[in-house]
1. Given Thr69, Thr97, which one is in contact with a Phe, Trp or Tyr (Cβ under 9 Å, 6 or more places away or on another chain), surrounded by 15 or more Cβ atoms within 10 Å (Cβ to Cβ), part of a strand (DSSP E or B) and modelled with pLDDT of 95 or more?
2. Which numbered condition in (1) outside any loop (DSSP other than H, G, I, E, B); (2) surrounded by fewer than 15 Cβ atoms within 10 Å (Cβ to Cβ); (3) modelled with pLDDT of 65 or more is the only one that Ala61 fails?
3. Working only within the range 60-80, note down all residues that are among the small types (Gly, Ala, Ser) and closer than 14 Å to Leu130 by Cβ.
4. Looking only at the range 106-120, decide whether some residue is at pLDDT 80 or above, more than 19 Å from Ala42 (Cα to Cα), surrounded by fewer than 16 Cβ atoms within 10 Å (Cβ to Cβ) and not small (Gly, Ala, Ser).
5. Do we have Val79 as surrounded by 19 or more Cβ atoms within 10 Å (Cβ to Cβ) and either in a strand (DSSP E or B) or on the phi > 0 side of the Ramachandran plot (or both) here?
Amino acid sequence: MTKLRPGFFLFALLTLIFAGCAGQIFHNSLSVSLVDLKPTDASLLESRGTLTVRYTNESIAPLGYSGSTHKLYLNGRYVGKAVSNTPFGVPPLNSVTQDIPVQFENLALVRQLMEVRDSQVITYTLESVLFQTIDEDNFQIKVRAEGSLDLRALAGSAK
C-alpha cells in the first residue's frame, strides 16, 4: 500500500503539469490584428471611433472569451483604448472579426495626425487583454500585435 502512494502522487503531478501546458498552448495559438480603424464622432475634448479586430485561432480547439480591452498606439504613441464586454468565440483553425468602440485621447491623436500628415502609412501597436472563464477560474490572456495602416483608407472613411 505504501508503494502505491508515491506512484499516485507522481501520476497526479504529471497530470497537472500536462494540463497546465495544454492551456498555455491554446492561449499562445491565438493572434490578434487590427483590420480597420474608422472615426465616428469628434469633439474638442474627445473623439470616438471603431476598431475592427481580427482574432485568429491556430489551434485545433475552439476558444471562447467573455470580453476584451485594447490599447492602441500609433507610431509608438498611445492614442486611445477600446473596451468590449461582448462575448465571442473563435472556431478551431479559423478567424473572426469584431467591431469595438474606441475612445481616443484627442491631444495625443492630434499630435499623431500632425506628425504623419505627409505620410500615407502609419504603424500601430495593439496591446490586448482577452478575458476567459473556464469553470470557476478567470484568465486574462495578453496579446500584442504590430502592423501598419493605410491612411488613405482612413481619410476616405472620414468623409
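1. Working: Thr97 fails: surrounded by 15 or more Cβ atoms within 10 Å (Cβ to Cβ).
Among Thr69, Thr97, only Thr69 is in contact with a Phe, Trp or Tyr (Cβ under 9 Å, 6 or more places away or on another chain), surrounded by 15 or more Cβ atoms within 10 Å (Cβ to Cβ), part of a strand (DSSP E or B) and modelled with pLDDT of 95 or more.
2. In the conditions (1) outside any loop (DSSP other than H, G, I, E, B); (2) surrounded by fewer than 15 Cβ atoms within 10 Å (Cβ to Cβ); (3) modelled with pLDDT of 65 or more, Ala61 misses (1) alone.
3. Kept after step one, since they are among the small types (Gly, Ala, Ser), are these residues of the range 60-80: 61, 64, 66-68, 76, 80.
Matches in the range 60-80: Gly64, Ser66, Gly67, Ser68.
4. First, the residues of the range 106-120 that are at pLDDT 80 or above: none.
For the range 106-120, residues at pLDDT 80 or above, more than 19 Å from Ala42 (Cα to Cα), surrounded by fewer than 16 Cβ atoms within 10 Å (Cβ to Cβ) and not small (Gly, Ala, Ser): absent.
5. Details: surrounded by 19 or more Cβ atoms within 10 Å (Cβ to Cβ): yes; either in a strand (DSSP E or B) or on the phi > 0 side of the Ramachandran plot (or both): yes.
In short, yes.
The values are calculated or read from the model by the stated rules, or taken from the named source; none is laboratory data. Quick caveat, the model's predicted, so the values are computed rather than measured. Cβ: placed from backbone, ideal geometry, glycine included. Neighbour counts: every protein chain shown.
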